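The numbers here are math on the coordinates, done by the rules we state, and not lab data. Every value quoted in this text rests on a predicted model; they were computed, and no experiment measured them. A quick note on method: Cβ atoms are made from the backbone with ideal geometry, for glycine too, and the neighbour counts reach across all protein chains shown.
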Amino acid sequence: MTPGGVTGKVTRMGTPLASAPLDTWVTISRVTLEGEAAAWVAAVGLHDGEALVVLRRAALGGPLHVRTGSGGEFAIGREVADRIEVEPVAEEPA
Amino acid sequence: MSAACHDESAPKGSPSSARALVVLVGRPNSGKSSLYNLLTGGNAHVGNYPGITVDILEGEVDLPSGARATIADLPGLYSVEATVDHATDEGVARTFLEGLRARGESVTLLQVIDPTRLALGLRLTRELLRAGLPLVVALTHADVLAAEGRALDVDKLSGAIGAPVVLLSTRNPSGRATVLGAIDDRIRAGADADRGGGTFDPSAVARACTTDEGGEPEKARRARTARLDRLLLQPVLGPLLFVGLMALVFAAVFLVADPASSVTDGAVAWSRGRIEALLGGGLAASFLSDGILAGAGTVLAFMPQIVVLTVALELLEASGYLARGAFLVDRVLRFLGLSGRSFLPLLMGHACAVPAISSTRIIRDPKERLTTILVIPLMTCSARLPTYGLVLAAFFSHRSALFRASVFVGLYFAGVLSGLVASAVLRRTATKGKGLPLVLEMPSYRVPQPRVVARKAYGAGKRFLRDVGTTIVIASAVLWLLLKVPMPGVTPGATPIESSVAASIGRAMEPVTRPAGFDWRINVGLIGSFGARELMVGTMGVIFGLENADEDPAPLTERLRDTKKADGSPVYGTRTGLALLAFFVLACQCMSTVAAIRRETASLRWPALVLGYTYTLGYVAAVLVYQVAGLLGSS
């Protein structure tokens, strides 16, 4: 089972989180935010190596609803998601 | 609603140096409020801590060893290491902990973690251990963990992180003894128990200590959550359901609160009658009845609305739905310079701006928080409703109920719209600057705990009475005095009131307010409602010489319609009513709100800006409405 209990495909291409496909587990490879914004994102649990899956996107370019491998769910603004780079996972996280 | 759990109405006290100090910390939505309630039984006072301007709730408990301990409840925080604005909930918690360390005070941290999100909680644990303060970890929601079919090895977790760990359910009273026993053991162990730490990998530890025993209940729960989210967060249906639910909440507030308000009004009317019967018709009776009780009665009549709305919002928040609402409206708010984080304070502003302004501490972005504070006074708080009701009854009674209801709803939307436009302007001018990106935790759906909800409602009621009630009572007394005392050098008018100090001031304002259709009576009402807008109706009642006008506005509406000029034409027409409504939608007639802005911004500049821009907008809107309505042929 995946960390969040969500089953889904495994993405095969690197991409900004904002463009990651739905219901597909990825891991954070790099966060390109700076200063306080970077510290804040890390503090809530979005850091390099964290597995996450995009559950849905709000309408009209609104935030993304994601679940992390640590069990948390977050609404993440598109401008943040654009600055979080994700990589495909070789296999679904255990 | 983390700020709301810090009851500002409680008396100040000082923590006794002879008692152990236990500080409750944890991420938002970790179950901290529930554990605090379980440990202290909900009894609390506000602690007095150097350098902390926000009230920290604390309660006394007896430990199993017989020692006494003070439990202090800090606002929720994600990190003690990441840079934060000191004015936010998280900044307050961090300042508090840094102060304890700097003063070398003996303290034990009690960190609350939701075990269903263990890895997230352990990130904060790691930081707390690195801070070098004695720590006990309390894992709440044991019942949820079991329901999900998962088990947690507490001893293994304790060994891995280097701190004692207890697992409990805050819904089970036996959990209290478990936590207090662990605190007692940690205090008695002293510095010898420090095992260093703060170097573990939270995700690895969480995986190693949690086992899935079956997984079917967990799968079922997640399936239920997913089904709910698919419905409630559906791009088109979700926002519609959200708007419908909010409308239902506001409707329920007025439907439920109305009978309670009627009872309160009746009690106040009875009290005024008793006072007049006991003291006769003298000045003392008039002061107590028309001045003090009229003001206090106005306050009490709004108490049910505040409490009912607090309960409704707390139920929505504790269930996990409000975070979904923030998700839905984020895009719209972002376009106007705010974000989903501003949603809850703006929503609370429809009950009362004072607690809503305090609740902005949950907004981590300083610019966004300031903007939210500056526009909350434009939300349609319940104190505007008596004036709305009076004007609609006085000038639109000949129109259909549907028309009046539409105007009423339109006034709500006018408040929201003006607030959003103001935020868009402010974010491009006075509060211009780069903001923090949105990262908002979406808590799991849960069944709210009645005790916690009741505590929030009780706190809101007490705070409302203190923050607003005192202001209104004082303003009522001053207004009564100004309406009773004759202006020196003024020729007595037809009635004593017309030659009073207040009436003379009202007349002096007429050259400015006449373009909006306001005469001296309305001007005096506006002066009276400068401190608290709900005083408008009572003030007008006194001016028109009607006893108990605030309990029964019908005679006042007739008097407003029937008052004639010397030439026999009516003094007030429909367009006067419309202009008055426009003014009330926009003007910040609430000194408690101004004081709250002063407190939260630690500045005179921002409350002055709010007074300046809202009164200017209110005046301009009133003049425009009056003049345009006149051009369109309105009476």
- Item | Extension reserve of the B:ARG274-B:VAL447 stretch, reckoned as 0.36 nm per residue once the Cα distance is removed | 57.7 nm
- Query: Along the stretch B:592-602, what does the Karplus equation 6.51 cos²θ - 1.76 cosθ + 1.60 (θ = phi - 60°) give for ³J(HN,Hα), rounded to whole Hz, x for Gly and Pro?
  - Reply: 5, 5, 4, 5, 5, 5, 4, 5, 6, 9, 6
- At what distance in nm do the modelled label points of B:ASP562 and B:ASP153 sit from each other, each positioned 7 Å from its Cα along Cα→Cβ? 8.5
- Item | Cα-centre dipole for the stretch B:344-416 with unit charges at Cβ (Lys and Arg positive, Asp and Glu negative), debye to 20 | 20
- Item | Other-chain or far-sequence residues with amide H under 5 Å of B:LEU21's (modelled H) | B:THR70, B:THR108
- Query: Shape of the stretch B:424-488 from its Cα gyration tensor (a ≥ b ≥ c, root eigenvalues): rounded if a/c is under 1.5, otherwise prolate when a/b > b/c, or oblate?
  - Reply: oblate
- Task: Shielding by partners for A:33-46, please: the mean number of other protein chain Cβ atoms within 10 Å of each residue's Cβ.
- Result: 6
- Virtual spin-label span in nm between B:ALA208 and B:ALA508, 7 Å along Cα→Cβ: 7.8
- Item | Residue-by-residue Karplus 3J(HN,Hα) for the stretch B:107-117, coefficients 6.51, -1.76, 1.60, Hz, glycine and proline x | 8, 10, 8, 10, 8, 9, 10, 7, x, 6, 10
- Message: Under the rule of at least 5 residues apart or a separate chain, name every residue whose amide H is placed under 5 Å from the amide H of B:SER634.
- Response: none
- Message: Among B:451-457, B:229-235, how do they line up by average Cβ neighbours within 10 Å per residue, starting with the highest?
- Response: B:451-457, B:229-235
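Calculate the mean, over all residues of peptide A:48-54, of how many other protein chain Cβ atoms lie within 10 angstrom of the residue's Cβ.
Average per residue, whole number: 1.
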- Item | Karplus-derived HN-Hα couplings along the stretch B:316-325 (A = 6.51, B = -1.76, C = 1.60, θ = phi - 60°), whole Hz, x at Gly and Pro | 5, 6, 5, 6, x, 7, 4, 4, 5, x
- Most packed first (mean Cβ within 10 Å per residue), the peptides B:166-173, B:509-516 order as B:166-173, B:509-516
- Other chains near B:330-341: what is the mean number of their Cβ atoms within 10 Å of each residue's Cβ? 3
- Query: With each label point set 7 Å from Cα along the Cα-Cβ vector, what nm distance links B:SER603 and B:ALA247?
  - Reply: 3.9
- Around B:LEU233, which amide H atoms from residues at least 5 apart in sequence, or from another chain, sit under 5 Å from its own amide H, with H modelled in the peptide plane? none
- Shape descriptor, the stretch B:117-206: equivalent ellipsoid semi-axes (Cα gyration tensor, sqrt 5λ, whole Å, largest first) stand at 21, 18, 9
